[in-house]
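Everything on this sheet refers to the single structure shown next.
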Amino acid sequence: MLARVFSASVNGIEASPVEVEVNSDYGDLKIVIVGLPDAAVRESQDRVLTAITNSGYRFPMGRTTINLAPADVRKEGPSFDLPIALGMLAASEQIVTDQLDNFVLIGELALTGAIRPCKGILPIAIQARRDGRVGVLVPRDNAPEAAVVDGLQVIPVQNLREAAQFLEGQIKISPVKVDISRIFEQPADDPVDFADVKGQESVKRALEIAAAGGHNILMIGPPGTGKSMLARRIATILPPLTLNEALETTKIHSIVGLLRAGQALVTLRPFRAPHHTASDAGLLGGNINPTPGEISLAHNGVLFLDELPEFKRSVLETMRQPLEEGSVTISRAAGTMTFPSEFMLVAAMNPTPDGKMPGESRSSPREIQNYLGRISGPLLDRIDIHVEVPQVKFRELSDAKTGESSAAVRERVVVARRRQHQRFQGRAITCNARMGARDLKEHCRLESATLDFLKMAMDEYKLSARAHDRILKVSRTIADLAGVESITVDHVSEAIQLRSLDKQLWG
């Protein structure tokens, strides 16, 4: 007998439907799985057969052919265990149901018949709704994640027998529902705050500007000045995630398997801090089958690169396209995938190889230039703000007063972002840092005195055309924080002060 059930496979950050056809026939006992299965799918026959017998069902006899269609799309992972098992039970007439066409089935089977959680449930649930399915049968721990999708029945199942009995109508299982508004209302459980940082007011100001406009920022200073401490608090002053941003971020974290059991959505902006020994595949994504890397896991959040010159030059250079376009395209033998990577880059570095300021360093000027030269000019041009982080004075360290809280800074950032959303309404631009050449002409017009001042600075510091655009974008953000529409000399002057490396302070 032939049975057909529906499942899905994840490709990139999207899911595609998969039909699982199971045919049970006479002949020698043999199970054949076709349709480009990977090793995990081919091994499923042993898990499935053991789970079926341990769940109290009959061991299928004869030849069983399992086809995963479409046959030209590679099927990966153990999530096909549940649909294969239920298809075998239906083909051998051990269950009789008319509900197989209505549900998408996802789940890995333990040998006991228990159903284990899987990756990529959210994109699969979205695809199931798009295909017009009534609902999805998913592992219980994944149910809140799938329930984020409106108009879909999300049935949590704990084991194979429970799933079979539900499809036959022998038992009823209430669909899982989540209140998205309540999820976003929950207070952020963030252990860090800007109030913890002593001194460094000029750096805090630079970080506030960066957060308000979504600008990339590089902090330069000796060890122990608080660069990492400041970087880890940037996410606390960024605007809250919107629902669309949360869904995009959750999809990426879901397919990598970073969601906690029972977690429905990622509601806090991601903060990723890869080690400087990370490879280009670890940072951009890839491996044999393209999967998201650190820059995609930081989508809608912060990517922190500490000790920036210690990263391999080749790794840093591959980031130029994602920084410019907000996405990364990876080509491998298994296929080509495009992952979103619209993140805020926060980097930190020492001013010299030995970590001391140039006047105190034992490094020669050539050694200092070689150290700074590990970061290419084109990459530096894509970083809007370069700020010095000086040593904190003892008077500031011993002061009992705390600094301004993250909540207070965040309020100003949110107001500035709101002005940008109104300015770019109806466009695919989320913040000032994403403006193109046409937007700069329209929204960053300068009066003659301000234009003359910028021209003088360009000539004196020999700034590139890209640096010119970055200064205009940062100036626009500073004006937004001040609540004014016109960009003045003061705004441009502050933006220029926030490009230390352009002014060759370390040379």
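The values are calculated or read from the model by the stated rules, or taken from the named source; none is laboratory data. The structure presented is a predicted model; accordingly, all values stated were derived computationally and were not measured. For neighbour counting, all protein chains shown are included, and Cβ atoms are generated from backbone atoms with ideal geometry for every residue, glycine included. Ligands, DNA and RNA are excluded from the accessible area calculation, which covers all protein heavy atoms including side chains. Shrake-Rupley method; radii C 1.70, N 1.55, O 1.52, S 1.80 Å.
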Sorting L243, L82 by accessible area (1.4 Å probe), largest first, what list results?
L243, L82
Students often check this: by mean Cβ neighbours within 10 Å, which of 196-205, 451-460 ranks highest, and how do the rest follow?
196-205, 451-460
Using +1 on the beta carbon of Lys and Arg, -1 on that of Asp and Glu, and nothing else charged, what's the dipole of the chain about the Cα centre, debye to 20?
520 debye
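Keeping every protein chain present and rolling a 1.4 Å probe, give me the accessible area per residue for the stretch 13-115 in Å².
Values: 4350 Å² over 103 residues.
Value for the stretch 13-115: 42 Å² per residue.
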Rounded to a whole number of µm²/s, how large is the Stokes-Einstein D of the stretch 331-373 at 20 °C and 1.002 mPa s, given Rh as the Kirkwood radius over C-alpha pairs?
157 µm²/s
For L305, other-chain or 5+-apart residues with amide H closer than 5 Å (H placed, Pro excluded) are V346, A347, A348
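Compute the whole-percent fraction of alpha carbon pairs in the stretch 47-187 spaced more than 17 Å apart.
Numbers: 5967 of 9870 pairs.
More than 17 Å apart: 60 percent of the Cα pairs in the stretch 47-187.
Compute the accessible area per residue over the stretch 125-224, keeping the other protein chains in place, probe 1.4 Å, unit Å². Mind showing how you got there, number by number?
On the way: 4390 Å² over 100 residues.
Heavy-atom SASA per residue in the stretch 125-224 reads 44 Å².
Taking 0.36 nm per residue of separation and subtracting the Cα-Cα distance, what length does fully extending A465 through R74 add?
Numbers: separation 391, 0.36 × 391 = 140.76 nm, distance 4.52 nm.
Gain in length upon complete extension: 136.2 nm.
Per residue, how much accessible area does the stretch 278-381 have with a 1.4 Å probe, in Å²?
Numbers: 4290 Å² over 104 residues.
So the stretch 278-381 comes to 41 Å² accessible per residue, rounded to a whole number.
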If I compute solvent accessible area with a 1.4 Å probe over the protein chains, what percent of it on the chain is carbon and sulfur?
49 percent
For the residue pair A110 and T338, what label-to-label distance in nm results when each label sits 7 Å from Cα along the Cα-to-beta-carbon direction?
4.2 nm
Put a dot 7 Å past each Cα toward the Cβ at T402 and R313; how far apart are the dots in nm?
4.6 nm
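Placing unit charges on C-beta atoms (Lys and Arg positive, Asp and Glu negative, everything else neutral), compute the dipole magnitude of the stretch 326-463 about its Cα centre in debye, rounded to 20.
Numbers: 22 positive and 17 negative charges, 101 e Å.
Approximately 480 debye in magnitude.
Between R366 and V192, take the C-beta separation as r, use R0 = 35 Å, and let me know the FRET efficiency to the nearest 0.05.
Calculated value: 0.35.
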Let's test the formula: R0 of 25 Å, r as the Cβ-Cβ distance of I171 and D98. What FRET efficiency results, to the nearest 0.05?
0.95
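Sorted from largest to smallest, which semi-axis lengths in Å does the alpha carbon gyration tensor of the stretch 179-338 give for its equivalent ellipsoid, taking the root of 5 times each eigenvalue?
Working: eigenvalues 137, 109, 33 Å².
Ellipsoid semi-axes (Å, largest first): 26, 23, 13.
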Mean Cβ count within 10 Å, highest first, over the residues of peptides 61-70, 207-216:
207-216, 61-70
Would you be so kind as to identify which of L265, P239, V148 lies farthest towards the positive end of the dipole of the chain, taking Lys and Arg as +1 and Asp and Glu as -1 on Cβ and the Cα centre as origin?
P239
Largest-first ellipsoid semi-axes for the chain, taking √(5λ) over the Cα gyration tensor eigenvalues, angstrom:
53, 23, 21
